[in-house]
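Student: Below is the structure I would like to discuss, written out as structure tokens.
The values are calculated or read from the model by the stated rules, or taken from the named source; none is laboratory data. Fair warning: this is a prediction, and the values are worked out from it, not measured in the lab. Here the Cβ positions follow ideal geometry from the backbone for every residue, glycine too, while neighbour counts run over all protein chains shown.
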Amino acid sequence: MNEDRLTVFDAAYQMDMYVKTVDGFQGQGDFLSKFGLEIRDQVTFTVAYRTFERFATKDNPALIRPKEGDLVYMPMNNKFFKVMFVEHESVFYQAGALQVYDLKCELFEYSNERFETGVDDVDKHYVDFKTTEINNLEDMFAADPIAKNIFYEEKGNDIIDFTEIDPFSETIFPPSNYFVTADSTKVTADDGGITADTI
């Protein structure tokens, strides 16, 4: 149904990378939006061609370069960063050849992606944030006690009547200036002689 397939990370490669943005994180940083606190940190990692080939391409010959959508784990702050763009010409033909990849990354936002890399520290990093097994508000409250989902659900039930007849109010008021409506059992909006707009 044209939905994005669930992302699965099934391989992990350990290699040395250079943090190019040594002055700190780039991007919009931390700010309050209408959705709450958002952290939009960005960072650029640099990895040598030979290093990537030695640790990644050697194990997986189909992986000839870093790909957009891959994740980079930064152990200093215990965070994952998603590769948004791979720049392969950042150092323009130094010594007659391209030497490094620049990985422009943003802080990864977890949304129930599966981690099956075989590395326990990676696979279990987001295990406390999974919501795939939550089926009701009670389970949600157990996972996130700060979110008052049950409270708002009860308050909403006092205001809105979600019935099959009228999902938005308690009383049905027929149109005051219409003799017949589209819901009439005798005359419908598709009738050739009289329509719902006839007065």
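Student: Can you pull out every residue in the stretch 12-32 that is at positive phi and surrounded by fewer than 14 Cβ atoms within 10 Å (Cβ to Cβ)?
Tutor: GLY24, GLY29
Student: Moving on. Find the residue count for the stretch 1-43, including only residues that are touching a strand residue (DSSP E or B) at 6+ places or on another chain (Cβ under 7 Å), of a type in the set (A, V, I, L, M, F, W, C) and either at pLDDT 85 or above or not in a loop (DSSP other than H, G, I, E, B) (or both).
Tutor: Of the residues in the stretch 1-43, 9 are touching a strand residue (DSSP E or B) at 6+ places or on another chain (Cβ under 7 Å), of a type in the set (A, V, I, L, M, F, W, C) and either at pLDDT 85 or above or not in a loop (DSSP other than H, G, I, E, B) (or both).
Student: Sticking with this structure for a sec: Suppose we keep only residues that are hydrophobic (A, V, I, L, M, F, W, C) and surrounded by 12 or more Cβ atoms within 10 Å (Cβ to Cβ) within the stretch 86-114. Which one would you say is nearest to the chain's Cα centre (by Cα)?
Tutor: PHE108
Student: Name the residue that is modelled with the highest pLDDT, counting only residues in the stretch 115-141 that are surrounded by fewer than 10 Cβ atoms within 10 Å (Cβ to Cβ) and either in contact with an Asp or Glu (Cβ under 7 Å, 6 or more places away or on another chain) or part of a helix (DSSP H, G or I) (or both).
Tutor: My answer is ASP120.
Student: Hey, can you tell me all the residues within the stretch 33-49 that are more than 18 Å from the chain's Cα centre (by Cα) and either within 15 Å of TYR73 (Cβ to Cβ) or exposed (fewer than 11 other Cβ atoms within 10 Å of the Cβ) (or both)?
Tutor: Across the stretch 33-49, the qualifying residues are VAL43, PHE45, VAL47.
Student: Right, here's the next one. Out of curiosity, is LYS79 within 24 Å of the chain's Cα centre (by Cα), under 23 Å from THR117 (Cβ atoms) and modelled with pLDDT of 80 or more?
Tutor: For LYS79, the condition - within 24 Å of the chain's Cα centre (by Cα), under 23 Å from THR117 (Cβ atoms) and modelled with pLDDT of 80 or more - is met.
Student: Follow-up question, since we're still on this one. Cβ-Cβ distance below 6 Å, separation of 6 or more or different chains: which pairs start in the stretch 89-116 with a residue that is under 14 Å from LYS20 (Cα atoms) and end on one that is among the hydroxyl-bearing types (Ser, Thr, Tyr)?
Tutor: From residues that are under 14 Å from LYS20 (Cα atoms), the pairs are VAL100/THR46; ASP102/THR44; ASP102/THR46; ASP102/SER90; LYS104/THR44.
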